[in-house]
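Remarks on the structure that follows.
Nothing in this text is a laboratory measurement; each read-out follows from the coordinates by a stated rule. All values reported here derive from a predicted model rather than from experimental measurement. Because the Cβ atoms are built from the backbone with ideal geometry, glycine has one as well, and the counts that use them run over all protein chains shown.
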Amino acid sequence: MESTGAATLHENEPHHNDLAHRLNWLRAGVLGANDGIVSVAAIVVGVAGATTDTGPILIAGAAGVVGGAISMALGEYVSVSSQKDSQNALIEKERRELEEQPEEELEELAAIYQSKGLRPETARTVAAELTAHDALSAHLSAELNIDETDIVSPWHAALASAIAFLTGAVLPMLAILLPPENIRIPLTFVAVLVALAATGAIGAWIGGGSKVRAAIRVVIGGAAALVATFLIGNLLGATVVG
């Protein structure tokens, strides 16, 4: 049977780094949506506990949506920018070391592969061949687990975070504003908790954990937030507004 070459073997299996990268982005999106659901739901339920007027609920909810999305985007931008700066500094350091002391770097690379179980002569051969092909990539991968071509853009991360938050925030806003006044709060509770159960299960599925336990944890936390803000809003509505 004729071989089709190493490059085509098991090509349907998820061996590529881009799969882990996509899963990380998906997990971040789920968490962002979860934050949008809980944060905005807590705000609108708290205000609804103080007043039945739609105007204040809409204003508070809209402020929470915009403020939360900007906060999420800013936090992600700062975090990823710091990570990118650190990675770029490490890349430049490795590039400089390769230029100034190539033999020492070759020995270091061979030692890394030897520590992983290769025989000294095999490790040396592998290190030499990888260095000849792309020395910088070989060292970044073996020493620092960095791919020079796979550095996340802070702007992309910020935009994705904001979109995820906004996606989650839409549900509590619709649930509190569209139904009749007498059922808006219980309906919001139900809609939010169902959505949280879904995001918790999806997050667990991505991470390979227990979907039931994750859903229960998220639902309990979300329910606690909703109950607390509703009671606070109800108390303030009775003492301040009333």
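For the reader, a short list of remarks on this structure follows.
- Stretching Leu187 away from Ala28 to a fully extended chain increases their span by 54.5 nm, per 0.36 nm per residue minus the current alpha-carbon distance.
- Amide H within-cut-off set for Ile146, under 5 Å, with H built and near neighbours excluded: Ser141
- Once the chain from Asn145 to Ser81 is taken as fully extended at 0.36 nm per residue, the excess over their C-alpha distance is 21.2 nm.
- More than 15 Å apart - percent of Cα-Cα pairs taken over the stretch 39-122: 74 percent
- Alpha-carbon spread of the stretch 98-207, three principal axes, descending order, Å: 77, 29, 16
- The smallest convex shape that holds all Cα atoms of the stretch 175-239, its convex hull, gives 74 Å³ per residue.
- When the convex hull of its Cα atoms is projected in every direction, mean area for the chain (nm²): 19.2 nm²
- Based on every Cα atom in the stretch 79-137, Rg and the maximum pairwise Cα distance Dmax equal 13.5, 42 Å.
- In the stretch 123-219, GluC sites (Glu not before Pro) in a DSSP loop with at most 11 other beta-carbon atoms within 10 Å: Glu181
- Remark: spin-label model distance Leu231-Lys211 equals 3.3 nm, labels positioned 7 Å along the Cα→Cβ axis.
- Inter-part distance where the stretch 27-49 and the stretch 132-168 are each reduced to a Cα centre, Å: 28 Å
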